[in-house]
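Here's the structure we're looking at; comments come further down.
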């Protein structure tokens, strides 16, 4: 699950919510997706924006195949002409965004030691300085690549749908997000794990 945290402790906290306990009981064990290469994960997230998982995978593969050893080092991304990046299927807007990520990395802002030292909210503020990287994107990176245990993405449509379904909520907008936050208080400090089970219950976990 989350190798840095004992499963028994996580389940003891989450099982206090009977609705969530039932979801977990019907679910499959969570698999680790941890990665220290946040730069690569950020590029993948940018390419995937507003695309289906299948299409995004094809375009990202074409993108990384443009570079030696299939790795888009920051200086190479910055040097590659627009028309070459366009040939992989990137829009002009996304070309700008991947260059922004590359420049941010080249300046030393994505070093593992730097990222690891920042608390969740500070890291969200740090990474959303990059034009093209929003809060939701960073929350997904925190939950999946970094496996931070207590992130709760209230703006995620899948999480909203799962909570509305399982907890019988009819609110929308701000009222829904407030109800979600109140429910999720019971899951601290493991809201990321709870969220992953909620996604799993709808079978549309973000990749």
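The values are calculated or read from the model by the stated rules, or taken from the named source; none is laboratory data. Given the structure is predicted, the values throughout are model-derived calculations rather than measurements. Here the Cβ positions follow ideal geometry from the backbone for every residue, glycine too, while neighbour counts run over all protein chains shown.
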Mind counting the residues in the stretch 155-179 that are closer than 18 Å to residue 23 by Cβ, under 19 Å from the mean Cα position of the chain (by Cα) and in contact (Cβ under 8 Å) with a residue 12 or more places away in the chain? 7
Return the total of residues in the stretch 119-145 being in a helix (DSSP H, G or I), surrounded by fewer than 20 Cβ atoms within 10 Å (Cβ to Cβ) and out of contact with any helix residue (DSSP H, G or I) (no Cβ under 7 Å at 6 or more places or on another chain). 5
Checked the stretch 69-91 for anything within 23 Å of the chain's Cα centre (by Cα), more than 20 Å from residue 145 (Cα to Cα) and surrounded by fewer than 19 Cβ atoms within 10 Å (Cβ to Cβ); matches are 89, 91
Given the conditions (1) surrounded by 20 or more Cβ atoms within 10 Å (Cβ to Cβ); (2) over 12 Å from the mean Cα position of the chain (by Cα), and given that residue 150 satisfies all but one, which numbered condition is not satisfied? (1)
Give all pairs with beta carbons closer than 6 Å in which a residue from the stretch 1-18 that is within 14 Å of residue 195 (Cα to Cα) meets a residue that is modelled with pLDDT under 90 and surrounded by 13 or more Cβ atoms within 10 Å (Cβ to Cβ); count only pairs at least 6 apart in sequence or on separate chains. 1/7
